[in-house]
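Report on the structure given below.
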Amino acid sequence: LREYMPDVMVMSRIPDGITDHLPLGVIRRAGGDSPAPEFYDEPWINVQCWCADDPGGLDAFTAAFRLADRVRGILWTAYRTQRVLPGLGWLVNIRESTAPQEVSDPDRPFLGRYTATYELRVRPAT
């Protein structure tokens, strides 16, 4: 995702001082298994998108939704094009188990946050 979103900080965990890293995409494994690791892995990926109000006029929640939808599009494009990333592999299947949905955070009411979960099948690069 970093290659396709150079304007977004992409991390595998929520950082301290989150407001210093916005817009932020947190991508991490949330489950799944690897029945034949030499051939494929089946991770469930949780995506969290965080944004503040956009200087262009978007409120934080709209900006976070657009970022979540952008990540969704990148994943589906990776699946459809079967692009192999050296050292990583390629997506041979994708299922959206939870579409992007708003998550409110009472500790950060000024930030927009959307989360989604995708079930992937990934073949390793050979």
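The values are calculated or read from the model by the stated rules, or taken from the named source; none is laboratory data. Quantities reported herein were computed from a predicted structural model and do not represent experimental measurements. For neighbour counting, all protein chains shown are included, and Cβ atoms are generated from backbone atoms with ideal geometry for every residue, glycine included. Note: accessible area is taken over every heavy atom of the protein model, side chains too, but ligands, DNA and RNA are not part of it. Shrake-Rupley method; radii C 1.70, N 1.55, O 1.52, S 1.80 Å.
For the reader, a short list of remarks on this structure follows.
- Looking at segment 60-126, the chymotrypsin sites (Phe, Trp or Tyr not before Pro) that sit in a DSSP loop and have at most 11 other Cβ atoms within 10 Å of their own Cβ are PHE110.
- Around ILE94: net Lys/Arg minus Asp/Glu count, Cβ-Cβ under 14 Å: +2
- Counting only protein heavy atoms and a 1.4 Å probe, segment 1-67 has 58 square angstrom of accessible area per residue.
- Solvent-accessible area of the chain (1.4 angstrom probe, protein heavy atoms only): carbon and sulfur portion equals 52 percent.
- Low-density loop cleavage sites - trypsin sites (Lys or Arg not before Pro) in segment 1-40, where at most 12 other Cβ are within 10 Å (DSSP): ARG2, ARG13
- Residue list for segment 11-51, given a label point 7 angstrom along the Cα-to-Cβ vector of ALA99 and an amide N cut-off under 20 Å: 45-50
- Summing Lys and Arg as +1 and Asp and Glu as -1 over all other residues whose Cβ lies under 13 Å from the Cβ of ASP7 gives a net charge of +1.
- Whole-angstrom gap from segment 47-126 to segment 1-29, using each part's C-alpha centre: 11
- Calculated [θ] (222 nm, deg cm²/dmol) that DSSP helices of n ≥ 4 give over the chain, each run adding -39,500 (n - 2.57): -6000 deg cm²/dmol
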